[in-house]
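The values are calculated or read from the model by the stated rules, or taken from the named source; none is laboratory data. Everything numeric here is computed off the predicted structure, so don't read it as measured data. Cβ atoms come from the backbone with ideal geometry, glycine included; neighbour counts cover every protein chain shown.
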Amino acid sequence: RVYLGVEALVRWPHPQRGMVSPAQFIPLAEQTGLIETIGRWVLEQACGQLVAWASHPVRSHWTMAVNVSAREFHRADFVEQVRAVLAQTGADPYKLRLELTESMLHSDLEETVEKMGTLQAMGVRFSLDDFGTGYSSLAYLKRLPIHELKIDKSFVQDAPHDPSDGALVDAILAVAGHLRLQVVAEGVETQEQADFLNRRAAVIHQGYLFGRPEPADTLLARWSAASDATSAA
Ligand code: CA
Ligand code: CA
């Protein structure tokens with residue numbers, strides 16, 4: 001088992017209410033526009049973490065995935081924001097994965113192509129998140145500089161038992177294979193799901209089977225032994 005990277009997830013430890021779930025505060029932040037400030041902060045934290053890992057023999061190879069909201073992505077200065085955070089933190093753009101969802105890509109395809117192209121030229125790579133749950137138009141897979149598809153967990157989790165979910169996973173793997181896109185299977189929680197995927201193409205696994213969301217420092221304490229052993233092997 002080789003650890004390839006992490007995804008940045010935001011949590012709100014509230015002094016009175018305890019841990020507030022992102023399911024509660026993200027929709028509100030999106031409505032009010034605060035998501036743009038939160039998004040920028042998350043990107044800064046994530047890039048800062050990449051820099052903190054940059055000199056480590058194992059962790060310097062890890063990628064950092066950051067979820068981008070529609071409001072952030074559609075800002076006229078989105079590219080400049082990302083460029084500024086990279087410059088200010090000194091993070092390696094090749095280690096950064098920006099996760100977009102299908103629904104964000106439909107409005108103004110020309111603008112989307114240009115923004116993604118500019119960032120890609122800087123080294124930033126793009127993942128298509130929750131793939132298969134949106135209004136899929138496979139045409140944009142060809143037009144846009146997408147590096148990776150993340151198969152939504154709803155397909156991954158039922159795939160071993162539900163033939164239609166299994167078939168959808170196979171169809172996504174076939175499309176990705178033809179277009180030479182990397183694939184991440186999300187929400188892998190059981191060995192059975194991992195085995196199902198391992199019998200197919202080379203897929204990166206993400207999910208509770210490998211690690212639950214946790215603060216960066218405890219993650220490092222728990223994983224360093226495992227990943228250092230992997231690198232030595
Ligand atoms: Ca994501
Ligand atoms: Ca996802």
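Output the qualifying pairs, or none if there are none: Cβ atoms under 8 angstrom, residues six or more apart or on different chains, first residue in region 185-201 and within 9 Å of residue 156 (Cα to Cα), second residue acidic (Asp, Glu).
As it stands, the answer is 186/130; 186/152; 187/152, since those pairs meet every condition given.
When you scan region 125-137, do you find a residue that is at pLDDT 95 or above, more than 16 Å from ligand 2 (Cβ to nearest atom), out of contact with any Phe, Trp or Tyr (no Cβ under 8 Å at 6 or more places or on another chain) and not hydrophobic (A, V, I, L, M, F, W, C), even just one?
No: zero hits.
Taking the stated definitions as given, is residue 113 within 30 Å of residue 84 (Cα to Cα), more than 16 Å from the chain's Cα centre (by Cα) and either in a helix (DSSP H, G or I) or within 14 Å of ligand 2 (Cβ to nearest atom) (or both)?
On the way: within 30 Å of residue 84 (Cα to Cα): yes; more than 16 Å from the chain's Cα centre (by Cα): yes; either in a helix (DSSP H, G or I) or within 14 Å of ligand 2 (Cβ to nearest atom) (or both): yes.
Judged against the criteria, residue 113 is a match.
What are the pairs, 6+ residues apart or on separate chains, where a residue within region 1-20 that is farther than 15 Å from residue 185 by Cα has its Cβ under 9 Å from a residue that is basic (Lys, Arg) and surrounded by 13 or more Cβ atoms within 10 Å (Cβ to Cβ)?
19/11; 20/11
From the residues in region 143-173 that are among the basic types (Lys, Arg) and assigned to a helix (DSSP H, G or I), which one is farthest from ligand 1 (Cβ to nearest atom)? Spell out the reasoning first.
Restricting attention to region 143-173, the residues satisfying the condition of being among the basic types (Lys, Arg) are 143, 150, 153.
After this cut, where a residue has to be assigned to a helix (DSSP H, G or I) as well, the list is 143, 153.
Working: 143: 22, 153: 10 Å.
Across region 143-173, the extreme among qualifying residues is 143.
Between residues in region 62-84 that are free of Cβ contacts under 8 Å to residues at least 60 places away in the same chain and part of a helix (DSSP H, G or I) and residues that are hydroxyl-bearing (Ser, Thr, Tyr) and surrounded by fewer than 17 Cβ atoms within 10 Å (Cβ to Cβ), which pairs lie under 9 Å by C-beta distance while being six or more apart or on different chains?
Between residues of region 62-84 that are free of Cβ contacts under 8 Å to residues at least 60 places away in the same chain and part of a helix (DSSP H, G or I) and residues that are hydroxyl-bearing (Ser, Thr, Tyr) and surrounded by fewer than 17 Cβ atoms within 10 Å (Cβ to Cβ), the close pairs are 70/103; 70/107; 79/118; 83/118.
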